[in-house]
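Below: the structure, in structure tokens.
The values are calculated or read from the model by the stated rules, or taken from the named source; none is laboratory data. Everything numeric in this text was worked out from a predicted model, so none of it was measured. Don't worry about glycine lacking a Cβ; one is built from the backbone with ideal geometry, like all the others, and counts go over all protein chains shown.
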């Protein structure tokens, strides 16, 4: 499953770069109208941590036997769905 998600994220990388080059960061950090206009573009995009970074986060949380973990801005909320 994870390999499939990483592959999907990698496939979308060119589209993401092209979109940002075309509109800049307004689609995620512009006015409310800018963000609303580009919401359909971002709706299916997955920006995954690199596998080694994801593994580090997993181990970092598991080492102290954490029972609760708060995610803060690693992506677009995919893991919260």
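Please list, ordered by first then second residue, the pairs with beta carbon atoms under 7 Å, 6 or more apart or interchain, first in segment 55-77 and closer than 30 Å to residue 27 by Cβ, second modelled with pLDDT of 70 or more and in a helix (DSSP H, G or I). Close Cβ pairs (under 7 Å, with a partner that is modelled with pLDDT of 70 or more and in a helix (DSSP H, G or I)) amount to 69/61; 76/42. The set of residues in segment 18-29 that are over 16 Å from the mean Cα position of the chain (by Cα) and in a loop (DSSP other than H, G, I, E, B) contains only 24. Note on segment 30-49: residues that are outside any helix (DSSP H, G or I) and exposed (fewer than 10 other Cβ atoms within 10 Å of the Cβ) total 3. Taking residue 52, is it at pLDDT below 80, exposed (fewer than 11 other Cβ atoms within 10 Å of the Cβ), over 12 Å from the mean Cα position of the chain (by Cα) and in a helix (DSSP H, G or I)? Taking the combined requirement at face value, the residue does not satisfy it.
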